Amino acid sequence: MQQNFSRVAAMAAGKAPFDAKFAADSAAVAEFTVQLPWAGFGEGTDKGRDNRVKAEIWSDRAKFNDSAEKMQLEMTKLNAAAKTGNLDAIQTAVGAVGGTCKTCHDACRKD
C-alpha cells in the first residue's frame, strides 16, 4: 500500500514527474491493498508476538475500526481522483489520505 501511495504522493508533491496513467494504476493498487492489513489485527493477534501497535487498539476497537474505515474511504476517493487525471484533485486526495494515515499511526503505533 505504502509503495503505491508514495508514487502518487510524489507526483502530487512535484517530486516526481506527473504521469496520469501511472498515478491511476498506482492509486488502484493502493485502494485494493488498503483493505489487506486489517486482517492482521483480528481477535488474538495481540498475543504471542512482538508488534508495533499500542495495546489500546484492542481495548478501544471502535476507534481503531473507525480509523481503518476512514483510511479506506479516503483511498477510494484518491483512486477516483486519479482516474480523472486531474492533478489538483489528486493533490487534494493525497492530502486527505496522508492525514488519515498520520492520525491512525499517531494514535495506534508505538514509537
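The values are calculated or read from the model by the stated rules, or taken from the named source; none is laboratory data. Predicted, not measured: the structure shown is a model, and the values here were computed from it. Here the Cβ is made from the backbone with ideal geometry for all residues, glycine too, and neighbour counts use every protein chain on show.
For Lys102, the conditions (1) touching a residue at least 12 places away in the same chain (Cβ under 8 Å); (2) out of contact with any helix residue (DSSP H, G or I) (no Cβ under 7 Å at 6 or more places or on another chain) all hold with the exception of (1).
When Lys47 is tested against (1) free of Cβ contacts under 8 Å to residues at least 12 places away in the same chain; (2) of a type in the set (Lys, Arg); (3) outside any loop (DSSP other than H, G, I, E, B), just one condition goes unmet, and that condition is (3).
In the stretch 1-43, the qualifying residues are those that are acidic (Asp, Glu) and in a loop (DSSP other than H, G, I, E, B), and the one that is modelled with the highest pLDDT is Asp19.
Within the stretch 20-39, residues that are free of Cβ contacts under 8 Å to residues at least 24 places away in the same chain sit with their Cβ atoms under 8 Å from residues that are surrounded by 15 or more Cβ atoms within 10 Å (Cβ to Cβ) and of a type outside the set (Gly, Ala, Ser), at 6+ positions apart or across chains, in these pairs: Phe22/Arg7; Phe22/Met11. Does the stretch 50-71 contain at least one residue that is within 17 Å of Ser6 (Cβ to Cβ), part of a helix (DSSP H, G or I) and small (Gly, Ala, Ser)? No, every residue in the stretch 50-71 fails to be within 17 Å of Ser6 (Cβ to Cβ), part of a helix (DSSP H, G or I) and small (Gly, Ala, Ser). Name the pairs whose Cβ atoms lie under 7 Å apart, with the first residue in the stretch 69-88 and under 18 Å from Ala16 (Cα atoms) and touching a residue at least 60 places away in the same chain (Cβ under 8 Å), the second of a type outside the set (Asp, Glu) and outside any helix (DSSP H, G or I), and 6 or more positions between them or separate chains? Qualifying pairs under 7 Å: Leu87/Phe18.
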